[in-house]
Each structure stands twice: as C-alpha cells, then as structure tokens.
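Chemist: Once you've had a glance at the structure underneath, I'll fire off some questions.
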Amino acid sequence: MPDRGGGPTGPRIRVGRPSRRVRTLLMTLGVLAVLGMAFTMFAGFWTDWLWYRSVNYSSVFTTTLWTKIGLFFVFGLLMALAVGVNIWLAHRLRPPLSAMSAEQQSLDRYRMSIAPYKKWLLLGITALVGLIAGASAAGQWRTWLMWVNGVPFHQKDPQFHLDVSFYAFDLPWYRFLLGFGFAAAVLSLIAAALTHYLYGGLRVTSPGARATAAATGHLSVLLGVFVTLKAVAYWLDRYGLAVKSSDFKATGNWTGLRYVDANAYLPAKTILFCIAVICALLFFATLWRRTWQLPVIGFGLMVLSAILIGGLYPAIVQKFQVQPNEQAKEAPYVAKNIKATREAYGIDDAEVSEYSGKGKETEGDQLRKDADAAASLRVLDPNIVSPTFQQMQQVKNYYAFPTNLDVDRYTDKDGKEQDTVIGLRELNLNGIPKNNWINDHFRYTHGYGVVAAKGTSADKNGQPVYTESGLPSTGDLPTHEQRVYYGEKTTTYSIVGGPQKEIDYSDDKGEKAYTYQGDSGVSLSNPINRAAYALAFSEPQMLYSGAIGEGSRILYNRTPKDRVEAVAPWLTIDGDAYPAVVDGRIQWIVDAYTTTNGYPYASRTTLGDTTADSLTAANNQRAVVAQQNRVNYIRNSVKATVDAYSGEVKLYEWDTKDPVLKTWMKAFPHTVKAKKEISSDLMAHLRYPQDLFKVQRELLTRYHVTNAQTFLSGSEVWQVPDDPTNKSGDAVPPYYLSMKMPDQDAQAFSLTTTFTPNGRDNLSAFMAVDSEAGTKDYGRIRILRLKSSAADGPKQVQSQFNSNSQENITDFIRQVRNGDSEIEYGNLLTVPLNDGLLYVEPVYVRGGGLKLPLLRKVLMTYGGKTVFENTLDEALNKLFPGDGSTTPPPDSDQDTTKPPPSTSNPTVKEALGDAQEAFTTGQDALKNGDWEAYGKAQKDLQKALQRAEDAQAAAGKNGDKADKADKNTDKNTDKSDKGSGSAGG
C-alpha cells in the first residue's frame, strides 16, 4: 500500500483502507435500503393477511390475491409476447444494408447506438408493456370471477332470447378480452412499423417502393388482425344494444333497444360485421398478392359503410319513421323496458290500489278506536333526539351517540312489542381528558351500553321515556355484553389485552379497570407483527413500548361497514348499519346488496344519487351508499352482523334465488351462511333496508305505470317530495313505524313514504313495504294511489300548520319566539285511516340554557281538521271526540298546555342559568378527573332544573287560579244580571 507524507519516522497515511470502508458502508446502506423497501411492501401484504386470518375470512384474501396474480401474469405475458415477437419478427425481416436507401443510411447512427443493447432494449420494452397490461388485467378480477362462476338467471331477454347471465357475466368479460386484443394489435403494429422503418423495411421520403415485401406482409397481417377484432366488436355490439344506455325524451334515462335500434342499428351492425370480415381477408391476402391496393379499398369501404350504414341510415329512420308516430313505434319496446325494469329492481310485485283519501263518515269514537289500531304513532324522532340522549345519557365526555339514532322493535315488560328508538354509547376520543398515544390507543378503547326509549311517548318534561339507560345500562332489554369495541364512531386502532389496563367505565366510586377478554384482532406478541404494524400505522413506538407485551392484540377496521366491505368486497353496503341486542350480545346489523349493470332492457340508476335524502345531506357522518356506479339490478341478498365486542363478522344468505349471489358464493365458497342459520332472536330485528327502498321508490315514480302508452305520455309521473320539516330542498326520508294498510288485519313494522304529482304538491300516492322479517309478507310493496287530487301533500300540510290561525297554535309559536327558544319539527308521518289520511308531526322546542330538543306538542291533521295538543292521546281525543285511550304521559303532573319554560320569567331564567353553570362545572370536573366535584355538579344540575320546572308549574297554577277567578266573576255577573231582570219584570 503506498504511503503519503512524513519521513522515516513521520506518520504514515494509508489511502486504500478508508476507500474500502466507504465502499463497504455504501454497499451496506444500499442493501439496507433494498431490504427496507422490500419489508415495506411485505408489511402491507402481511398485515392484510393477518387481519383476514383474524376474522376467519382468509379464503377471501387468498382467492382475490391468486386471481389478481394469475390475471397479471397471464395477460402481462401475452402482451409482452405479442409486442416482443412482432419486434423480433420485424428485425428478422429487415432488408440487407446494401439495399437501403440514402434516407435509411442516415439512420445508421441510431442503429449503431442501439446495436449493443438491442436485446436489453427488447426486454425492457416488452417488460414495460407487460407490466402495464398485467396491472390493468388484475383490476378485472371481479369480471373474471363472475364469468368463470356465472350462474344462469333462467330468464331470457326479449330480443335475442339469451339468458340474462350472458349480459351480466359473459359479455363484460368478452368486452375486456376484445379491448385487450385491440391494445395488443395496436401496440404490436406500432412497434413493428417503427422497427421496419429503423431497419429499412419502410421508407417515407425515398423514391421507389415504400415497403419491402416482407414488411408489407407483416404489417398487413397485423392490420388484418385489427380489422378482425373490429368485426368481432360489431358482432358483440349487436348484443350490447340490449344493455345500451341512452337518453329518451319520453322517459329520460333509457336502457335497451328502441325502434331505431331494432330496425336500423341492429341490421347495420350485422352488415358492418360482414364487411369487416371481407376486409380482414383482403389484408391477409397480401401475404400472397404483395399489394396494398385491395386491402386499402376494402378498408375505405368499411369506413364509408360505418358512416352511411351505422350513422346516417339510423338517423333517417328516426327522423322519417319514428318521429311522425313515435308512441306507436316505441310502445312495444317501452313495454319491454317496463317489464325488465320492474323485474330487475324487485318492484314487479308492487300492488297498486285505488284509495279515496277523503275519509268516510264515521262516528268519532269509532275513528278514535280505528286510529289506535291503524299505527303505533311514533312521536320520538330518532333524527332529532340524539342531543337529548347525548346530554342526559352521555355520562362521560369520552362517550357519544350517533347523530341519527335508529328505530327497532323490542318487547316491553308486559310482553307487548313496541317501536323503540335506540343508540349505542360509543367511544369519542375527542372527549377524553388528555390526548396522547397511551390514552388514545390503550386506555380509552371502547364504548359502553345501550340506551333505548319508547317511540310513542315522552315524559312530562318532553324528554324520552327510557326503557334502557344508565351506566352500566339497565332496563327492559335482556342481559347482554355492554362493551362496544366496534362501532360507527370507532375509526382508530386500539391495542388491548396486554400489560396496560383499559378504562371500562366510571361510577360514583371511580374508574373501573378492564382487560379485553376476546380473541379479536391480531396478536402483537410476535416481533415481526409488531414491526409490520409499526410500519403500516407509521407508529415506531409499537416496536419498543412497554405497554405492549404478552397477550396484546391490535384492533382495527372497526366500523361495521368497513368490516363487511373487507370480507365481502363483491357486495354493496347499505348506508345505515343499526345495533340490536341479540342472543346476549350487541350486534350491528348490516344490509348488503348484489348488483349488476348488465340486465337487458332495465333502466339504470346511480346508487349514490338515488339514496340521498335530507338526512344524508345534513349529516355527513351517516354514510350513503358510496358507490357512484350505475346499476340496473339490485337485490338485498345478504344480511350481515358484526359483534360489537368481538368484531366477528357473519354473512347470511337472504335472497336464496338471486343468481348474482349464487355466482359469488361459487367464487368464494363457505363465506356466506345459509338462511336457516339465522336465529329467531336475530330474525326479530331484521328489517327492510332503507337504501333499497329509496332506490325502489325512485323507480316507482315512473314504473308504477305498466301501460306503455300511458308511460310514454308522462301524465302519471310522480316525484318524491322534498322534506317539509326543513329547508334543505332534499327528498323526504322514508320512515319506519308499525302500521296497518287497508288490506291488513293487524299492524306490521313497515317502511313508508309518500309521492306527489310531478311539479305539484298535493298527494298522489302513499307507499309502504312490510318490514317484518320472517313473515310471509316481508318485502311486499303496497301503493295507495289517490283517486282525488284534493288530498294534501306533506309540504301543504306543513304550510297549513305554519300559517294556521288557531289561537293555541299562534300563541304557542309567539311565546316560544319571544323567549330564547326555537321550534324544531319532527318527522311528518302519514297513515292511511278509514279511507282518509292522518298526518302526525311531533313539535320540539330547543329552549333554556342547555338547548335540548324537548317534545312539547303534537300536530295532527285529518279530513281538513287540525289539532295541536300536548300529547299524542290528547291530540287523538280532540281530533276524534269519543271514547278512546287517554293514557297520560309518564309522571305527568303538570299542565303542559303552556309553552316550555321561557327565560322571560325571572325565576326560570335564574334557575336555567344555575343549571348551565352546574353543567359547565361538571364537564370541567370530568376533564380533570375530579369525581367528587362532578357528582356535586350533577346534583346541582338536577336541583336547578327542578327549580325551573317548579317555577313554571307555579306560574301555570297562578294562571289557572286567575282564570277561575275570572270565571267566578263572570258567573256572579250573570246571576246579578238575571236577578235584575227578574226584579225589573
């Protein structure tokens, strides 16, 4: 090794060894970088595999993975071979250099520059196109699985008489293959042409022949393949007409053949197919003729034919045959569209019957009894009372209820089934005293308890009558596991089961500790798993934190919708999962749909738009069906459950006749349980899904008409009215309630909606679907079409109430607005009653310091008569005078005919101020963990609210005494008047 500097005794500087160290360091860093990238890719794959294995759906992961890998390699290799072979062949067919022109000789420097690398260049080009093609093909895994596992519908389309499965499962795959073929042909043609040009087989500016015979033959074969594929495309286009979407002024969105399609486009596609086949043969013939003349003529003829036969001729037929007599020409095709659409959306069995809407002359007491039997009128609006649940049942800041509660059916202590408003006390990380990694992911891990209330009544203060409440929850519901580890608000991961204890819940004695006992989630005991999740969640503390140890498990993908979507990626999920107490557990029930856009003649709809209403628009947290894809077939084929404690996902077959579900069950065997495995307890809580109902009602605005002529005239088009209780301008949501349609003998849990004529506000129809799962009438759609246009629609009823001149209504509104309160209208329910229509709307008031929505009045309208009373029974009794039920509200000991407490009363104002102060103090104490101060604040809050209530009651009693005094004075005056009259006589 050479030395630098210094004498015999001076320092010796070695230059070789440091260079070796640097090289070693760089190599080490390079290896580490490669290993890091590899582990990053591995971490995503590994964590996905661990999650699917933890939920016992590993077969979904492996089936999907192997399908994608297979498609990637098969089609990537095919594309690479197609392009690579044609480049190689063009190189082999190059002319000798001596024959090259001056133009080609100028390209020598390019040929010389790539000559040493031509093998690598060939591999690089083919690898690139192969990777792109493979990635594109891997995205078609659903199309492949549906094609290879397709099950027949046993229904044929009316034009070609092919089974619907051909359009739903086969045609999409054939179209993918055709598209892949076109891409391969075009890329091969471009690559071959460039290679021929580079090596002299093609000339652009040189005189003489423009292409060698070899280049001519090669390129003509590729052009022949392209034209052959075009012929296949023309043939498939014939069948594509049955699922083609177009705009039709008579109906708007249209799918299927019309007159011009059947009589112009269809024969045109057949003729163009024949021309394309002939043209392709001419291109292939150049292998022997070595001339472009005939192929070019044939190709020009094909292009001209496409313009004249495929474009001009159909336009002439439409202009001169269809438009002069459109209804007569289109009627047979409209009839096919109506039939197919009704079948595809499951509305073909919808029963439409005439209904007067005017009401019959009946004694008041009989009407009162009929009203009791007609419906379990729900005055507790689940979309309004969530703040009341939040304030009165939240208990801790780190708990929260959903913005929109749910309606279900439960049996009370007397064994009577009743409509119940229900919500879960879920975890709210924004409310914990201090946010840090340990608190957010180890200590605060779950919600706790169910809160439920009667749907048909409120207490004396206008608050819900709870049937299950408190922490832990107690009440009428069966004993069950109350901890909520999986819920709609649980969107972050938690690590449970390890050394770090969780906060279970708190009571007067302080916090209760808990350790998760389930087997959900993925174990972090393995250091490889910890490293993978530290990388996946970008959280390095997972690697070394002492809070993770033996038994630690990570829970993630915790919302019901996410879990069901993950284990069944072939399903479309309903926007509203709802909780139910089933067999001693809290289960999230999720409705799921199978869909396709390949049902011939059935009109398409966009799910995201069709399922939107005033609730989904006002509350972004309530999910809408996310998919914006257009479909023309939908079935509620699967009922899924997600255990709120263990996260276990179960899929149950619901529609046993759905061929789309059967296809996916073949593709993913043993993932969907048989319908018979649904327990009776779970069956009692299943219901008809809202999103399917909203899709069906949107279609029924037009497709309730089965006569083609009437359909084309547009005279019977309906619309879903806007929600009259707010100014959003969005559609009114459907409402669940137990009710009885005219042909039913008893009430059934139902989902209801109303229709108005297109462009008008009066009522045109009322629709209800039987939602009692497990009964023979489940899913039966009944539509009452109003005979008269005199029936008021929801907007008119709301407008009449807002402008009503009844003294009790105007006084109430005036006194509420004079204070610091505001009126909020609840769900406007419509119920058929005795050939008329009963409208019921709860009226809430947000008043006082806490701004809770409290039920204060019930608006009711029937036969043009409007009443405005304190309770449901009082309103019914006044609307239908006679012997009826007069059940008072629970603990009703005050007169609620007066408006709610107003801060214009000094005593009430002071009491509400104290209540607000006590509430704020309690929340501050909660954040600081001062349970003694929190308990004292809660007592002060109750005392202050009681003082406000007593003051208001006293004011009411004083008003009553004054009224009695006035009446006595009037009586005495009357007596003196009578006495004076007698004396005078």
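Chemist: List the pairs whose first member sits in segment 801-830 and is closer than 16 Å to Pro842 by Cα and in a loop (DSSP other than H, G, I, E, B), whose second member is acidic (Asp, Glu) and at pLDDT 75 or above, and whose Cβ atoms are under 8 Å apart, counting only residues at least 6 apart or on separate chains?
Modeler: Short answer, once both residue conditions are applied: Gly826/Asp381; Gly826/Glu841; Asn827/Asp381; Asn827/Glu841; Leu828/Glu841.
Chemist: Another question, if that's okay. Scan segment 384-401 and report the pairs whose first residue is among the aromatic types (Phe, Trp, Tyr) and whose second residue is part of a helix (DSSP H, G or I), with Cβ atoms within less than 6 Å and a gap of 6+ or a chain change.
Modeler: Pairs found: Tyr398/Gly431; Phe401/Ser386; Phe401/Phe389; Phe401/Gln390.
Chemist: Something else: Inside segment 499-598, counting only helices (runs of 4 or more DSSP H) that do not spill past its ends, which hold 2 or more residues that are in contact (Cβ under 8 Å) with a residue 24 or more places away in the chain, in contact with a Leu (Cβ under 9 Å, 6 or more places away or on another chain) and within 30 Å of Ala168 (Cα to Cα)?
Modeler: 560-567
Chemist: Here's a follow-up. Looking at Val407, Val352, Val379, can you tell me which residue is in contact with a Gly (Cβ under 8 Å, 6 or more places away or on another chain), in a strand (DSSP E or B) and of a type outside the set (Ser, Thr, Tyr)?
Modeler: Criteria check complete, one pass: Val407.
Chemist: Given the condition modelled with pLDDT under 95, out of contact with any strand residue (DSSP E or B) (no Cβ under 7 Å at 6 or more places or on another chain) and among the small types (Gly, Ala, Ser), answer yes or no: does some residue in segment 456-470 qualify?
Modeler: yes
Chemist: Here's a follow-up. (1) surrounded by 15 or more Cβ atoms within 10 Å (Cβ to Cβ); (2) outside any helix (DSSP H, G or I); (3) outside the structural domain of Ala748 (by TED's automatic domain parsing): which one isn't true of Gly359, the others all being true?
Modeler: So the condition that Gly359 fails would be (3).
Chemist: Exactly one of (1) in a loop (DSSP other than H, G, I, E, B); (2) in contact (Cβ under 8 Å) with a residue 40 or more places away in the chain is unmet by Asp414. Its number?
Modeler: It fails just one condition, (2).
Chemist: Just checking, how many residues over segment 73-103 are part of a helix (DSSP H, G or I), modelled with pLDDT of 75 or more and surrounded by 12 or more Cβ atoms within 10 Å (Cβ to Cβ)?
Modeler: 19
Per-residue answers, yes or no, for (1) crowded, with 20+ Cβ neighbours inside 10 Å; (2) out of contact with any Gly (no Cβ under 9 Å at 6 or more places or on another chain); (3) farther than 18 Å from Leu737 by Cα; (4) outside the structural domain of Lys727 (by TED's automatic domain parsing):
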{"residue": "Arg814", "(1), (2), (3), (4)": "no, yes, yes, no"}
{"residue": "Glu824", "(1), (2), (3), (4)": "no, yes, yes, no"}
{"residue": "Leu828", "(1), (2), (3), (4)": "yes, yes, no, no"}
{"residue": "Leu833", "(1), (2), (3), (4)": "yes, no, no, no"}
{"residue": "Leu837", "(1), (2), (3), (4)": "yes, no, no, no"}
{"residue": "Arg846", "(1), (2), (3), (4)": "no, yes, yes, no"}
{"residue": "Leu852", "(1), (2), (3), (4)": "yes, no, yes, no"}
{"residue": "Leu872", "(1), (2), (3), (4)": "yes, yes, no, no"}
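Chemist: Can you find, within segment 536-556, the residue that is nearest to the chain's Cα centre (by Cα) among those that are of a type in the set (S, T, N, Q) and surrounded by fewer than 18 Cβ atoms within 10 Å (Cβ to Cβ)?
Modeler: Ser538
Chemist: Quick one: what pairs do we get from segment 151-171, first residue free of Cβ contacts under 8 Å to residues at least 60 places away in the same chain, second basic (Lys, Arg), C-beta under 8 Å, 6+ apart or different chains?
Modeler: Asp163/Lys156
Chemist: Filter segment 202-218 for residues that are at pLDDT 75 or above and of a type in the set (Ser, Thr, Tyr) and give the result.
Modeler: The answer is Thr212, Thr216.
Chemist: Follow-up. Of all residues in segment 454-490, which are of a type in the set (A, V, I, L, M) and assigned to a strand (DSSP E or B)?
Modeler: Correct list: Ala458, Val465, Val484.
Chemist: Would you point out the residue of segment 676-735, among those that are aromatic (Phe, Trp, Tyr) and outside any loop (DSSP other than H, G, I, E, B), that is farthest from Asp770 (Cα to Cα)?
Modeler: Phe711
Chemist: To continue, here is another question. For segment 748-771: of the residues being outside any strand (DSSP E or B) and in contact with a Leu (Cβ under 9 Å, 6 or more places away or on another chain), which is nearest to Ser457 (Cα to Cα)?
Modeler: Looking at the filtered set, the residue picked out is Ser771.
Chemist: Looking at Asp459, Asp476, Asp440, can you tell me which residue is more than 30 Å from Ser750 (Cα to Cα) and either acidic (Asp, Glu) or in contact with a helix residue (DSSP H, G or I) (Cβ under 6 Å, 6 or more places away or on another chain) (or both)?
Modeler: Among Asp459, Asp476, Asp440, only Asp440 is more than 30 Å from Ser750 (Cα to Cα) and either acidic (Asp, Glu) or in contact with a helix residue (DSSP H, G or I) (Cβ under 6 Å, 6 or more places away or on another chain) (or both).
Chemist: I would also like to ask the following. Restricting segment 363-376 to residues that are touching a strand residue (DSSP E or B) at 6+ places or on another chain (Cβ under 6 Å) and not in a helix (DSSP H, G or I), which is surrounded by the fewest Cβ atoms within 10 Å (Cβ to Cβ)?
Modeler: Once the filter is applied, the top-ranked residue is Ser376.
Chemist: Scan Tyr313, Tyr239 and give me the residue that is out of contact with any Lys or Arg (no Cβ under 8 Å at 6 or more places or on another chain), under 22 Å from Tyr167 (Cβ atoms) and modelled with pLDDT of 90 or more.
Modeler: Going through Tyr313, Tyr239 in turn, the sole match is Tyr239.
Chemist: On to the next question. Tell me the residue from Arg14, Arg53 that is among the basic types (Lys, Arg) and either modelled with pLDDT of 75 or more or loosely packed, with under 10 Cβ neighbours inside 10 Å (or both), please.
Modeler: Just one listed residue meets the conditions, Arg53.
Chemist: Would you please name the residue that is surrounded by the fewest Cβ atoms within 10 Å (Cβ to Cβ), looking only at residues in segment 694-714 that are β-branched (Val, Ile, Thr) and touching a residue at least 12 places away in the same chain (Cβ under 8 Å)?
Modeler: So, considering only residues that are β-branched (Val, Ile, Thr) and touching a residue at least 12 places away in the same chain (Cβ under 8 Å), the one surrounded by the fewest Cβ atoms within 10 Å (Cβ to Cβ) is Thr706.
Chemist: Across segment 544-565, what is the number of residues that are among the aliphatic types (A, V, I, L, M) and either at pLDDT below 95 or closer than 23 Å to Asn632 by Cβ (or both)?
Modeler: The total comes to 2.
Chemist: Considering only segment 315-332, state which residues are of a type outside the set (A, V, I, L, M) and farther than 16 Å from Thr710 by Cβ.
Modeler: Gln318, Lys319, Phe320, Gln321, Gln323, Pro324, Asn325, Lys329
Chemist: Six or more apart or on different chains, Cβ under 7 Å: which pairs go from a residue in segment 675-691 that's at negative phi to one that's surrounded by fewer than 19 Cβ atoms within 10 Å (Cβ to Cβ) and among the β-branched types (Val, Ile, Thr)? Could you list them?
Modeler: Partner pairs satisfying both residue conditions: Lys675/Thr656.
The values are calculated or read from the model by the stated rules, or taken from the named source; none is laboratory data. Everything numeric in this text was worked out from a predicted model, so none of it was measured. All Cβ positions, even for glycine, are placed from backbone atoms using ideal geometry, and neighbour counts span all protein chains on display.
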